[in-house]
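Reviewing the structure listed below.
The values are calculated or read from the model by the stated rules, or taken from the named source; none is laboratory data. Everything numeric in this text was worked out from a predicted model, so none of it was measured. Note that each Cβ is placed from the backbone with ideal geometry, even for glycine, and that neighbours are counted across all protein chains shown. Please note that ligands, DNA and RNA were not included when accessible areas were found on the heavy atoms of the full protein model with its side chains. Shrake-Rupley method; radii C 1.70, N 1.55, O 1.52, S 1.80 Å.
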Amino acid sequence: MFKFSKTVDYQFIARAHNNDLSPEEKEFFEQWLSESEKNRETYSEIALLLDKFDLSQNPSLPDKNIQWQNIRQRVLAERNTQALLNLEREPKASSSSVFKILHPLEIQTDYWRTVYTSKMLHFALTLIVVASVGLSFLIEQHSTKKNRLVSFVEPATKYLEVKTNRGEKLSVTLPDGSKVHLNTLSKLTYPETFGERTRDVVLEGEAYFSVASNKEKPFSVKSGNVLTVVTGTEFDIKNRGERISVVVVKGSVNTFSPTKEEVFKLKKGDLLSFDNRIRMPKVQKANLRHYLAWRNDKFSFEHTRLSDVMDEIERYYNIKTSFQSDSLKNITMTGFFGSDSLNKILSVISLTLDIKLKYENRTIFINKN
Amino acid sequence: MLERETQKEVESNLNEELIELYSRIKSKDESALQEFFFSIQPQLFYYLFRYTNSREIAEDLTQESFVKFWLAIDNLDPRQSFKAYLFKIARNLAINQVQRSMPLVSFDEENILLQLSKSIDSEIDNSFFMNDFQQAINTLPERCKSTFLLSRFSGFSYSEISEVMGVSLQTVKNQMNKALAVLRKRLIKYID
């Protein structure tokens with residue numbers, strides 16, 4: 001469509017715009033520019049477009065230190081898992097030393113004692129296979145194993161806390177590889193290393209959990225007086241004010257409410273809600289899109305009271321709201337927003353509810369129309 | 001005559017400083033790994049952010065890529081570019097992620113909301129542009145998309161891109177050309 005010579009094409013122009021041409025190329029390019037108005041137009045079009053790309057706001061970078069800590073923990077967890085797997089794979093070759101190291105921690109000691117004899121044959125078979133794989137490999141593994149185990153054996157007592165401020169969201173990778181996405185104004189407490197039998201964390205606020213599967217070691221989240229126990233699944237817990245809700249996205253979870261001493265088995269798509277004032281857990285089908293909107297920087301409201309809507313917006317934008325009258329708080333609304341522009345959200349709310357919203361000094365004043 | 005591939009550029013991907021850093025990384029020097037991560041995190045994150053169009057997913061994948069990189073160090077050749085290797089991992093993770101995930105909100109819905117609201121014009125203009133820009137990026141064929149993003153948002157040279165993608169310099173140029181042609185066609189209305 002353009003009378004490009006073989007070498008001046010869009011990518012060539014992009015390089016020219018970046019000042020990334022060799023002297024000969026540069027000379028050629030200048031000549032090409034001077035050839036016609038059309039060439040110059042094409043160049044300025046592409047240049048303007050590239051400027052527009054460059055100016056499109058980049059989001060702020062994630063905290064490097066936090067990310068680095070997450071990475072280290074993941075790598076450590078990964079190595080420990082590998083060390084454990086190696087233990088199971090070649091028990092005979094090193095069982096005595098392994099026993100000594102594991103005993104103080106009581107890792108499956110009973111299991112090892114009772115199963116030991118019945119597994120002898122299996123061990124022998126394993127050994128043959130391992131031996132055929134190569135003795136040198138085995139020796140090497142054995143010599144390095146002690147070092148790798150030391151980090152695993154260190155007792156876990158230190159607790160880590162991750163907190164989000166207003167308007168902030170964070171992803172945390174736990175030592176077992178599970179992921180937790182913290183919504184704004186939330187807090188997660190977890191041990192630096194998980195215990196031998198359980199994976200316990202405590203949540204305040206809201207988070208989405210993607211739990212690494214491990215049937216032997218249940219993962220439990222305590223939030224308010226609701227305890228949620230899983231082995232490997234994805235779910236969202238929201239604990240704001242008096243209300244706690246658990247929504248299951250994948251797999252199944254068990255939820256205990258200590259006050260009622262009841263267990264709720266929740267499956268994919270189930271929502272358990274618990275209100276401290278009513279004290280009656282309720283299980284129903286959830287609108288997943290509604291509960292997970294926050295993960296994609298969206299707000300979703302479903303017959304939500306205006307006061308709760310404004311609570312969400314306050315948390316996200318770090319602002320305050322002021323209602324002219326209490327009756328306004330109880331109007332309910334349904335809607336789905338991207339959370340990028342406060343103005344946009346406010347104008348939609350004011351249009352749909354036919355109320356007046358004024359934004360001044362980081363405060364939203366809500367008045368009747 | 002101008003197709004002379006700049007051999008000089010290819011060599012400059014690995015300078016002495018980097019070679020030293022790589023050999024420290026290779027010997028599992030944790031401070032070297034940290035140094036490498038800190039220096040490369042912005043490029044990695046911006047590539048993944050534009051690729052997935054989600055801050056959160058990009059954050060996750062930034063970490064995930066580096067974990068995978070770290071665990072693979074034993075198998076790396078210190079003469080090859082670790083940077084390229086890391087971005088190869090990142091690209092694979094991004095491809096998988098995009099194939100798996102379904103956007104929570106469709107474009108039209110967002111559009112209607114935008115039209116409904118009567119806020120500041122320039123803001124709307126800009127969010128329309130961003131929307132269309134992201135849409136346009138997403139319609140690019142994968143190789144084209146990665147090439148474009150690495151070039152514009154991670155500041156990779158064409159020869160670095162050719163290492164990540166495992167293609168020739170000429171292919172990178174072709175892909176870049178194609179990407180710009182598509183983007184120009186789709187976004188020309190924003191240029192006055």
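Using only protein heavy atoms and a 1.4 Å probe, how much accessible area in total is buried between B and A, to the nearest 100 Å²? Kindly include the intermediate steps, with their values, before the conclusion.
Values: alone 12080 and 22670 Å², together 28760 Å².
Buried: approximately 6000 Å² between A and B.
Measure up B:Lys68/B:Lys178; A:Lys298/B:Lys88; A:Lys238/A:Lys282; A:Lys217/A:Lys282; A:Lys38/B:Lys173; A:Lys215/B:Lys83 against 25 Å on the Cα-Cα distance and list the ones that go over. Working shown, then result.
Numbers: B:Lys68/B:Lys178 31 Å; A:Lys298/B:Lys88 31 Å; A:Lys238/A:Lys282 14 Å; A:Lys217/A:Lys282 28 Å; A:Lys38/B:Lys173 22 Å; A:Lys215/B:Lys83 37 Å.
From B:Lys68/B:Lys178; A:Lys298/B:Lys88; A:Lys238/A:Lys282; A:Lys217/A:Lys282; A:Lys38/B:Lys173; A:Lys215/B:Lys83, over 25 Å: B:Lys68/B:Lys178; A:Lys298/B:Lys88; A:Lys217/A:Lys282; A:Lys215/B:Lys83.
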Here, A:Leu55 and B:Glu20, labelled 7 Å along Cα→Cβ, have an inter-label distance in nm of 4.1 nm
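In the stretch A:206-238, what chymotrypsin sites (Phe, Trp or Tyr not before Pro) fall in a loop by DSSP, with at most 10 other Cβ atoms inside 10 Å?
Of the chymotrypsin sites (Phe, Trp or Tyr not before Pro), not one in the loops of the stretch A:206-238 has a Cβ with at most 10 other Cβ atoms within 10 Å.
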Looks like the stretch A:10-55, by Cα gyration tensor root eigenvalues a ≥ b ≥ c and the a/c under 1.5 rounded cutoff (else prolate when a/b is bigger than b/c, oblate otherwise), is oblate
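Per-residue Cβ counts within 10 Å, from other chains only, averaged over B:177-183: what number is that? It would help to have the intermediate numbers written out before the result.
Details: counts 7, 3, 3, 10, 5, 1, 6.
The shielding value for this peptide is 5.
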Along principal axes, largest first, the alpha-carbon spread of the stretch B:14-100 in whole Å comes out as 37, 22, 21
For the pair A:Asp308 and A:Lys368, the simple spin-label estimate (label points 7 Å beyond Cα toward Cβ) gives in nm 2.5 nm
